[in-house]
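A short write-up of the structure that comes next.
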Amino acid sequence: MNQCDFICELNSRLSGLPEEDINKSVDYYSELIDDYIEDGKSEEEAVAALGSIDDIVNQIYSDIPLSKIVKAKVKPSRTLKVLEIILIVLGSPVWLSILIAVFAVVFSIYVSLWCVVISVFAVGISLFVSSVALFLASIYVLFVKDVLRFVALLGAAFMCAGLGLLIIIGAKYLAKAILLLTKCTVKGIKKMFIKKGELK
């Protein structure tokens with residue numbers, strides 16, 4: 001694929017974005033190809049060095065905020081008539097209430113997930129603090145020469161430390177899973193606003 005074909009393909013695949021973002025991306029990749037050509041590569045080699053056009057388009061779409069994509073897609077193709085505006089205003093108590101309720105439910109579920117992660121981290125940290133306190137208590141008991149209590153407190157300290165470590169590692173993986181879920185959700189929402197041919 002030569003430079004012209006690549007730029008045309010990129011332009012058509014980005015057609016769902018605002019004009020400003022399309023121009024910015026096209027100019028960037030055009031300059032990149034020119035730099036490769038100046039370094040002695042042929043047009044085809046320069047285009048191949050950029051990688052797959054699918055990956056490039058996916059990266060561009062993932063870098064653009066969701067709000068920009070929605071704004072570009074939701075622009076009305078014509079001006080609304082007076083009757084349509086009146087119907088939208090009169091129906092707003094219904095559709096606005098439903099929209100707010102859906103947003104509130106989704107937001108509360110998301111916040112609840114993070115509350116679980118924070119709570120699990122807190123339990124793990126509490127166990128670590130407890131293990132330190134038990135270790136210090138075991139040293140005190142050793143000075144009093146109560147060997148049986150020393151062994152019991154030392155064992156409890158190690159058990160709390162181990163349990164705390166396991167819980168913190170679990171909370172870390174849970175946090176990563178929630179972040180991945182968030183990323184996939186945002187990507188899914190973006191895909192709803194993009195034509196099938198634009199993003200693969």
*Tell me which of these Lys172 doesn't satisfy, since it passes every other one: (1) closer than 30 Å to Leu17 by Cα; (2) open to solvent by 70 Å² or more (accessible area, probe 1.4 Å); (3) under 20 Å from the mean Cα position of the chain (by Cα).*
(1)
*asked:* Just to be sure I understand, how many residues within segment 122-132 are open to solvent by less than 60 Å² (accessible area, probe 1.4 Å) and farther than 11 Å from Ala161 by Cα?
replied: 1
*Would you please name the residue that is nearest to Lys190 (Cα to Cα), looking only at residues in segment 1-52 that are in a loop (DSSP other than H, G, I, E, B) and polar (S, T, N, Q)?*
Ser15
*Scanning for something surrounded by 11 or more Cβ atoms within 10 Å (Cβ to Cβ) and at pLDDT 80 or above, does segment 74-86 turn up at least one residue?*
yes
*In segment 107-121, the residues that are loosely packed, with under 13 Cβ neighbours inside 10 Å and more than 21 Å from the chain's Cα centre (by Cα)*: Ser119
*Meets criteria (open to solvent by less than 80 Å² (accessible area, probe 1.4 Å) and more than 23 Å from Ala177 (Cα to Cα)) for Leu96*: yes
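The values are calculated or read from the model by the stated rules, or taken from the named source; none is laboratory data. Computed from a predicted structure; not experimentally measured. Cβ sites come from the backbone with ideal geometry, for glycine too, and all protein chains shown count toward neighbours. Side chains are part of the model used for accessible areas, which takes the heavy atoms of the whole protein and leaves out ligands, DNA and RNA. Shrake-Rupley method; radii C 1.70, N 1.55, O 1.52, S 1.80 Å.
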